[in-house]
Structures are given as C-alpha cells and as structure tokens.
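Working notes for the structure below.
Just so it is clear, none of the values below were taken in a lab; they were calculated from the coordinates. If you're wondering where the values come from, they're calculated on a predicted model, not measured in any experiment. Please note: Cβ atoms are built from the backbone with ideal geometry, for glycine as well, and neighbour counts cover all protein chains shown.
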Amino acid sequence: MKSMTRYFLAALFVSLMRLPARADQEQLRGLMAEASDFQAEYTKTVRTKGQIEAAKREIAGSELALLGAIDAIKGGDESGRPQSLCPPESANKAIAAACNTEISKLDGWKKNLAGDPDGLKKYREQLLREQERLTLAGQSWSAKKKSNEALLDVLDVAFQSWQRRYAALVFKSAPYSRLVSTEEGSARCKIPPDSGREAILEGAQGCLQWLWVGAMQNR
C-alpha cells in the first residue's frame, strides 16, 4: 500500500511538473538566486556589524584611559596613570581590556621621554595627537555603522518583496501550489510561523531546490 501511495505521489509530481511554463521556471531560478544572494549579504552585514561594535568598544576603552591621563596631567599628577577609570572586566571585558592596553601604551610613551627636559610637554602633545586619532577613528566607524545600517534597511525592503514573490509563485500559482500541498511538498516547503529571516531563507531554498529539480527532470 505504501509503495503504491509513493507511486501515485511520484506520478502526480511528474504530471504537475510538466505544466509550468518556462517563465515560471525562470521565476523559480531567479528566486533561488535571490535567496542565495540575500543569505550572503545578510551574513556580510552581520559580520560587519560585529566588527563595528568591537571597534567602538576598543575606542571607548582607549578614550577612558586617555581621558584619565589628560585629567591627571591637568591636575598636576605627572604619572598620568588613570587606573580607576578602566571598568572592571565583569562590567565590560572588551572595554576594560582596551583601556588597560591603552594605559600600557601611554606608560611606554612616558618611559621613553624620561630624562628629557621637554618630556612632559612632548607627552602632552602625544596625548593630544592620540585624542585626535581616536576621535577620527570613532567618526570613521560611526560612518561605517550608518552605511551598514542603511544597507540592512535596503536588504530588508528587498527581502519583503522577495517573500511576496516567493509566496505568490510557490503557494498561489499552479502547479506549484498543488505540489506543495502534497505530503512531501508540505514537509519540504512549509515554513514554521514566526520564523526568523535565516530560517525563512534556508527553508525557502530547500523548497525551491526541490521544485527546481523536479522541473528540470520532467521538462
């Protein structure tokens, strides 16, 4: 009985897959390519977002150390070691690490200038240059963040358009709608409600691939 059921399902698949016009097959192929592109672009934007956040945390930590050093010099403390401004690792490990790394760098500058009669003046100048460097770096990363967020907005709008076209072709047009309503089609093409973007793309690609293979085998 099971083998007969599989036979009829296979026969149904073959007969239905002979029906789509070439235009439908082109749409199918286009949707597959778009889904793959979306996954690649989303992966890239998420990776870039992580890089930006890491850079911003590093800059924030460095700025804390630098601010403490500048304040110490202004207050007459030539040691310029603002240990108390660095947050504990339990608060923010990345910022704390960046802050302590910056302190080590600033300490190295002071040691190199030890014994120089103009050492304090030169140290202050180095601090100001470092402040300018960090400011410019922060502005650069902020611009990258804005650009990355704009790209994500564009991708989201395009993804919504893709979703509508995917649903229209696969679930609302013959013969695909009849195929995906079969037991195998439901298993391959049903996307759980409230799925995230990655799950939707992954599930859709599997569904489209199944339909595409059937279409190519039965041209």
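Data table
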| item | result |
| --- | --- |
| In sequence order, calculated HN-Hα J values of the stretch 48-57 (Karplus, 6.51, -1.76, 1.60; Hz; x Gly/Pro) | 5, 4, x, 5, 5, 4, 5, 5, 5, 5 |
| Pairs beyond 30 Å (Cα-Cα), from K145/K190; K74/K111; K111/K144; K145/K172; K49/K74; K105/K145 | K145/K190; K111/K144; K145/K172; K49/K74 |
| Under the Karplus curve 6.51 cos²θ - 1.76 cosθ + 1.60, θ = phi - 60°, whole-Hz ³J(HN,Hα) for the stretch 147-158, x wherever Gly or Pro sits | 5, 5, 5, 5, 4, 5, 4, 4, 4, 5, 5, 5 |
| Fewest-first sequence of I95, I52 by Cβ atoms within 10 Å of each Cβ | I52, I95 |
| Prolate/oblate/rounded call for the stretch 22-217, Cα gyration tensor, a/c under 1.5 rounded | prolate |
| 14 Å Cα-Cα reach of K110 towards aspartates and glutamates, excluding residues that sit fewer than 8 places from it in its own chain | D77, E78, E102, D118, E125, E130 |
| Residue-wise HN-Hα coupling along the stretch 60-73, computed from phi with Karplus coefficients 6.51, -1.76, 1.60 (Hz; x: Gly, Pro) | 4, x, 5, 5, 4, 5, 5, 4, x, 5, 5, 4, 5, 5 |
